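Before any comments, here is the structure.
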């Protein structure tokens, strides 16, 4: 029996079953990167489920939450966790943002003004969601900032008109969750599990509720002093209910159970000490190997009240480190600082924060390789290489690794290949690419600043984006259609412009919106009634034929008069 839990070990922590109860639900958010933009923060004040036929639930957000969206790339951040989701049949979900709560920051540390066109994000479920108290529900909102923001970083303000998507389900598919902190409320060594009273924020101010965490033999577990525990037995022996505060990294699965990859004990005073530690996420923009680096701030994640007056408005700070500093990369403990590189995104927890330079106690490298963003200028070297110009605000340009944004940078693709950044990430081997396409590359840069080369470990072409287009004609035999009134948001390559265009549907094209297949797309057009139109958004590539593109992602909906 686990006496510390107050119940039997076969019943889970606290003598209860693992995870959330039937009828409960979790609401989470995420986003993806935007070239040149380091941070975009907004306050979410309200959260509603929208009833089929009209009306909405009460506000499901216990208190407003400040969210830095660009830090949630490939991982989910918690907004709210409910033990009882209101019952009903729901068509979608609505987020409300606090007026004037938007802040944005470019890679060079400059704050960018934001002007909101709308204060609400309404996203529709692909199928109506029925909540009847019999199951667990998870709602994952993706704020599509690339489509929500308009304007030039060099000529603000940016215009914010929120759009996005939502995935709703039972949470059976585990997904990465942003680090969460909380205080142990029950534990069960026999089942390698514990329950934490979690918090939305790092300052232990906004309660989230109970979260079950499981560990296994591969989970990294660390003491408060930064040393590894000798065993999981020692890890559980260090727990005291209501006192031990922990930080958890892992995967969120069904019934609000997190499978931990790494767990660190923060303190033994219910988060009082951990909540006072300054923690800052940002971009490495200068580096003295083995000694220090400059960090451009994306977000002050912990102890903002401590850090803000010391920084006095500064957006970049110098971080020092030594042999006592702990380094992690993707939750793996590193032997030293040798993996640290210019252009990496990192999270730093400081051992002190009274004056510059600021000593680091822990540094988490978010991605092992820096990311480079630019525009393709020459494709003659494919499939082995191509040439790009980096954007003006790329860290490699800002730091002087690359002399300027007009320098030709060779991208060596021999170790990475090339994919398209659409659903399914289709392989671009053998596909005709054109100059003018945007590209994101992860890798290492070498050579002289005037003639650099990036050895890519991952490279993705960004598709062109077409919106506000109306389908004019269709040809089912050739899997093609024409559109009128098209507006191009992101380049397709080859200098393609909007207006009247021909669109070919690639065999791997993914469909969304009101149609879910090529057959449904053509059927929807054939069934249009008087005054109805079929509006499409297309992601894809120009073919090189004037006025023609190929679709790899297609969202279509019927608009009625």
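None of the figures in this text is laboratory data; all of them are computed from the coordinates on show. Given the structure is predicted, the values throughout are model-derived calculations rather than measurements. Glycine gets a Cβ as well: all are built from the backbone with ideal geometry, and neighbour counts include every protein chain shown.
Okay, here's what the table says:
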| quantity | calculated |
| --- | --- |
| Proxy reagent accessibility, fewest Cβ within 10 Å first, across 446, 329, 159 | 446, 159, 329 |
| Evaluated over the range 464-559, the Cα radius of gyration and Dmax, each in Å | 12.1, 37 |
| Förster-model FRET efficiency, 51 Å R0, residue 217 and residue 305, C-beta, rounded to 0.05 | 0.80 |
| Label zone at residue 332 (point 7 Å along Cα-to-Cβ), backbone N below 11 Å, the range 350-371 | 368 |
| Isotropic mean projected area of the C-alpha convex hull, the range 25-169 (nm²) | 8.4 nm² |
| Two-site label geometry, residue 528 and residue 225: point separation in nm, points 7 Å out along Cα→Cβ | 7.3 nm |
| Inverse of mean 1/r across different Cα pairs in the range 371-462, Kirkwood, Å | 12.9 Å |
| Amide N of the range 407-441 lying under 18 Å from the label point, which is placed 7 angstrom from the Cα of residue 126 along Cα→Cβ | 422-426 |
| FRET efficiency estimate (nearest 0.05) - Cβ-Cβ, residue 440 to residue 508, R0 22 angstrom | 0.65 |
| Helix-only [θ]222 nm of the chain, DSSP H runs n ≥ 4, -39500 (n - 2.57) each, per residue, nearest 500 | -1500 deg cm²/dmol |
| Pair-distance profile P(r), taking every C-alpha pair of the range 357-411, with 5 angstrom steps and integer % | 4, 18, 20, 17, 16, 11, 6, 5, 3, 1 |
| For 496, 206, order by how many other beta-carbon atoms lie within 10 Å, fewest first | 206, 496 |
| Alpha-carbon spread of the range 277-365, three principal axes, descending order, Å | 34, 22, 20 |
| Sorted by Cβ density within 10 Å, fewest first, the residues 552, 204 | 204, 552 |
| Over the chain - Rg/Rh using Cα atoms and the Kirkwood inverse-distance radius | 0.98 |
| Label-to-label distance, nm, for residues given as residue 423 and residue 113 (7 Å Cα→Cβ offset) | 3.9 nm |
| Kirkwood Rh in Å, taken over the range 110-228 so that all alpha-carbon pairs contribute | 18.5 Å |
| Convex hull volume per residue for the range 318-473, taking Cα atoms only, in Å³ | 170 Å³ |
